[in-house]
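Every read-out reported here was derived from the displayed coordinates using simple, explicitly stated rules and does not represent laboratory data. Computed from a predicted model, the values in this text were never measured in an experiment. For neighbour counting, all protein chains shown are included, and Cβ atoms are generated from backbone atoms with ideal geometry for every residue, glycine included.
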Amino acid sequence: MGTLLHTYKHMPCTVFNRVFAIIYSCAILTLIYHHILTLLHHSTTFISVIPTTFLLISDLILAFMWATTTSFRLRPILRQAYPENLEKILHKKDFPAIDILICTADPYKEPPINVVNTALSLMAYDYPPEKISVYVSDDGGSELTLFAFTEAAKFAEIWLPFCRDNNIMDRCPEAYFSSDRHGKAELEFEEIKAMYESMKMRIENVVERGEVCPDYISDEPQRQIFNKYRTLGFSRANHPTIIQVLKESAKETDKGQSMPNLVYVSREKNKNSPHHFKAGALNSLLRVSSVMTNSPIVLTQDCDMYSNDPQTLKRALCYISDPLAQPKLGYVQFPQRYHGLNKDDIYGGELLRLFVANPVGMEGLQGPSYVGTGCFFLRRVFFGGPTSMAPPEIQELRPDHVVEKPITAQPIIELAHHVAGCNYEKDTKWGFQLGFRYGSLVEDYFTGYRLQCEGWESIFCHPSRPAFLGDIPISLIDAVGQTKRWAIGLLEVGFSKYNPVVFGAQSMGFVMGLCYAHYAFWPILSIPITIYSFLPQIALLNGVYIFPKVTDPSFLLYVFLFLGAYGQDCYDFILFNSTYKRWWNDQRIWLIRGLSPYLFGLVEYMIKHLGIATQGFNVTSKVQDDEQSKRYDQGLIEFGIHCPMFIPFTTASIVNIFALIFGMIRLLNTWSLERLFVQLFITGFGVLNSWPVYEAMFLRSDKGRMPIKTITISIFLASVLCGGVSLIL
Ligand SMILES: O=c1ccn([C@@H]2O[C@H](COP(=O)(O)OP(=O)(O)O[C@H]3O[C@H](CO)[C@@H](O)[C@H](O)[C@H]3O)[C@@H](O)[C@H]2O)c(=O)[nH]1
Ligand SMILES: [Mn+2]
């Protein structure tokens with residue numbers, strides 16, 4: 001293994017997956033054929049045509065989604081990198097420089113102390129510090145965030161050398177001080193911990209007050225900076241650009257240590273120019289960083305995703321700086337992993353398929369999609385395809401431009417302000433051909449997709465020690481809110497001229513197109529899930545039987561299709577080291593997503609399409625209420641406050657239990673299990689999945705229980721559904 005930088009191997013399940021895919025496709029085709037036959041020959045009345053048509057639509061959508069899922073299973077590849085060999089191939093002085101872009105948008109939803117922790121953990125990478133530049137984008141335009149970073153800049157002078165000298169693994173201060181894994185350096189440890197705590201206290205104090213109090217401001221220049229935030233009319237949506245160089249690598253510290261650059265940027269905003277949310281923030285940072293340092297490597301990072309492994313950058317370089325690297329390599333993506341997931345992951349927050357299984361599957365094709373954070377890009381990818389450069393409007397932004405002046409030089413600072421201005425992008429190709437792409441609320445998915453369509457390839461790096469750890473939503477309202485935003489963003493791509501099935505397949509090949517289509521059309525899963533949650537149940541309540549009898553051969557088809565899909569899904573979880581319980585919770589949240597956020601996303605997308613204003617990018621809260629955290633750790637689903645998105649699945653739970661009880665009674669009367677079986681099974685499955693919902697409605701008394709309002713509306717709707725349909729029939 002002497003000087004290998006990386007290796008790969010095909011996963012042993014590949015052959016099985018392919019054979020299974022063929023068999024399963026045949027079963028699907030038979031089922032569809034069966035539906036069409038029933039529709040043509042046996043459906044004579046209104047009552048028999050309606051359910052068959054609904055089932056046909058559902059099964060067609062499920063079949064399509066199955067095909068897209070299967071595209072991830074045809075060529076999975078696992079990679080391994082050997083960062084310890086990097087220095088054998090590349091001299092330390094030839095290590096490339098890196099610009100790290102961190103986004104934050106709201107000091108109240110994203111506590112500045114956490115953003116600071118993220119930044120410190122990244123500044124402390126095991127890498128020559130003078131080659132690292134950290135840029136923080138503050139879309140909240142908040143003095144609180146700037147204050148936090150002025151504090152962080154001071155603390156970094158102590159923290160970084162401490163990490164390096166003691167070879168510490170947890171370089172996120174909060175994670176380090178709250179774990180019990182610190183060996184020697186006890187005295188120093190206590191001292192630094194006290195400094196950290198006092199910094200944390202000052203930052204939290206300032207956030208609590210909502211402003212930086214005068215005694216925290218040390219000198220006149222600082223006072224002038226904070227005064228900028230207090231001018232008349234200043235708000236997060238309306239303010240000039242503020243750029244502060246908080247740490248300059250060219251200047252050594254008092255103790256002669258070199259440090260990374262640390263730059264705070266709050267781009268200009270006003271009500272008349274669209275700011276394009278995170279994509280806009282990243283483009284602005286991309287330009288500011290071009291002007292100041294223009295490093296060939298760019299890492300994008302969400303403010304809650306701290307580094308959990310100081311070797312990560314070197315690991316990424318094993319691919320990027322490999323002399324034999326693929327010439328079209330555009331980015332190296334690490335998965336999003338989370339700290340503080342509860343044992344059985346009740347909200348399916350781990351997103352194992354999205355962040356692990358699917359990227360491994362795309363690895364054998366053109367490489368994984370971009371997931372918004374933990375991604376090391378070559379700066380060049382933001383300027384056209386591998387063989388067709390799309391030059392930016394000014395020389396200084398070209399990826400090959402060499403910056404010769406220090407970052408604090410007057411002309412550099414002026415130009416940085418200029419490129420962060422909100423009119424800068426007017427009549428330019430930014431967001432369309434250059435940089436992160438506009439037009440979707442999931443700018444990450446859309447940007448990665450467009451880059452891969454241009455011909456860029458990517459690599460998935462999945463070390464066993466997570467490279468980054470982030471926060472997950474710990475209340476249902478946050479979890480579904482996030483999914484709804486994704487749903488809208490995905491549909492924006494799915495139904496644009498960049499539709500992955502057509503445009504994507506033409507640019508990247510059919511299978512890659514299908515992979516991207518899997519996400520773009522995620523939200524339409526709400527259609528079959530809604531149908532299967534209500535139709536068999538309501539039919540059962542009305543004595544209408546819509547599935548084959550147990551003795552009918554096509555019953556076996558249903559058994560195979562159900563067990564096959566669920567079995568393979570579960571197998572994937574086990575294959576990637578998750579647990580049965582997590583899988584079970586994941587499939588439940590899949591149903592909840594289908595019934596609520598996907599459905600709401602679908603509707604909101606249509607409203608938006610009609611030109612009616614909708615919410616935009618609603619930032620996920622990263623603040624954790626103690627009581628709420630406690631309930632989360634106990635594995636209780638948090639409802640708490642009424643939210644319209646809770647209604648569809650609560651209604652479904654009620655309809656299902658009604659139908660199950662009714663079906664059982666009917667079974668006792670007529671004893672025709674043969675005919676009732678499939679419907680009873682589906683209903684029973686629904687009830688099993690709804691268990692925590694019943695608990696939240698009737699058994700729990702804590703603050704996270706289901707609000708009375710949600711219960712009342714849902715019971716009302718359930719009765720209308722069950723009663724109304726029987727009136728029609
Ligand atoms: O106007 C905005 C809105 C958001 N953000 C930042 O974007 C990041 C992601 O926002 P978050 O609320 O945490 O969204 P999530 O749904 O958790 O994020 C996932 O989905 C997003 C797309 O919807 C991707 O951008 C993220 O990388 C991905 O982790 C955060 O750092 C925010 O500060 C901005 O900078 N400006
Ligand atoms: Mn997030």
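Given +1 at the Cβ of Lys and Arg, -1 at the Cβ of Asp and Glu and no other charges, the dipole of segment 294-341 around its Cα centre is 160 debye to the nearest 20. With the convex hull constructed from alpha-carbon coordinates only, segment 529-643 shows a mean projected area of 12.0 nm² over all directions. Going from the fewest other Cβ atoms within 10 Å to the most, the residues Met259, Met123 appear in the order Met259, Met123.
Kirkwood Rh over alpha-carbon pairs of segment 261-415, then Stokes-Einstein at 37 °C and 0.692 mPa s: what D in µm² s⁻¹, rounded to an integer?
My calculation gives 183 µm²/s for D.
Counting only residues at least eight positions apart within a chain, or on another chain, the lysines with an alpha carbon under 17 Å from that of Lys630 are Lys343, Lys622, Lys703. The ranking of Asp569, Asp304, Asp400, Asp106 by Cβ neighbour count inside 10 Å, starting from the fewest, reads Asp400, Asp569, Asp106, Asp304. Centroid-to-centroid, using Cα positions, segment 229-306 and segment 1-41 are 46 Å apart.
Could you list log10 I(q)/I(0) for segment 377-453 at q = 0.11, 0.20, 0.21, 0.23 Å⁻¹, which the Debye formula gives when each Cα is one point scatterer? The Cα Debye sum returns log10 ratios of -0.33, -0.99, -1.05, -1.17.
Across the chain the C-alpha pair distances fall into 20 Å bins from zero in the proportions 16, 48, 29, 7, 0 percent. Computed on the Cα trace of segment 83-473, the radius of gyration divided by the Kirkwood hydrodynamic radius gives Rg/Rh = 0.94. Residue pairs exceeding 24 angstrom between C-alpha atoms, taken from Lys278/Lys709; Lys131/Lys255; Lys429/Lys497; Lys92/Lys200; Lys9/Lys328: Lys278/Lys709; Lys92/Lys200. In terms of the Cα gyration tensor, with a ≥ b ≥ c the square roots of its eigenvalues, is segment 631-715 rounded because a/c is under 1.5, prolate because a/b exceeds b/c, or oblate? Cα axes put segment 631-715 in the prolate bin. Once every Cα of segment 204-334 carries one equal point scatterer and solvent is ignored, give the base-10 log of I(q)/I(0) from the Debye formula at q = 0.19 Å⁻¹, two decimals. Result of the Debye calculation: -1.40. Amide H contacts for Gly384 (H built 1.01 Å from N in the peptide plane; partners 5 or more residues away or on another chain; cut-off under 5 Å): Ala390, Gly435. For Thr30, neighbours were defined as the other residues whose beta-carbon sits under 15 Å from its Cβ, and their charges (Lys and Arg +1, Asp and Glu -1) total -2. In this structure, the amide hydrogen of Val134, modeled 1.01 Å from its nitrogen in the peptide plane, lies closer than 5 angstrom to those of Ile100, Asn261, Leu262, Val263, counting only residues at least 5 positions away or on a different chain.
Rounded to the nearest angstrom and listed largest first, the equivalent-ellipsoid semi-axes of segment 204-264 from its Cα gyration tensor are 27, 16, 11. Roughly how far apart, in whole Å, are the Cα centres of segment 567-632 and segment 91-139? Using only Cα atoms to place each centre, the spacing works out to 29 Å. For the peptides 401-413, 420-432, residues were scored by their other Cβ atoms within 10 Å and the scores averaged per peptide; the highest-first order is 420-432, 401-413. Summarising the overall dimensions of segment 135-288 from its C-alpha atoms, the Rg and Dmax are 17.5, 57 angstrom. Other residues whose C-beta falls under 15 angstrom from the C-beta of Leu324 contribute a net charge of +1, scoring Lys and Arg +1 and Asp and Glu -1.
For segment 1-101, taking Cα atoms only, Rg and Dmax work out to 25.4, 79 Å respectively. By the scheme Lys and Arg +1, Asp and Glu -1, what is the net charge of all other residues having a beta-carbon under 12 Å from that of Val15? Residues close to Val15 contribute a combined charge of +3. Projecting label points 7 angstrom from Cα along Cα→Cβ for Asp702 and Glu157 puts them 4.6 nm apart.
Ordered from longest to shortest, the equivalent ellipsoid semi-axes for segment 28-159 are 57, 26, 9 Å, each the square root of 5 times a Cα gyration tensor eigenvalue.
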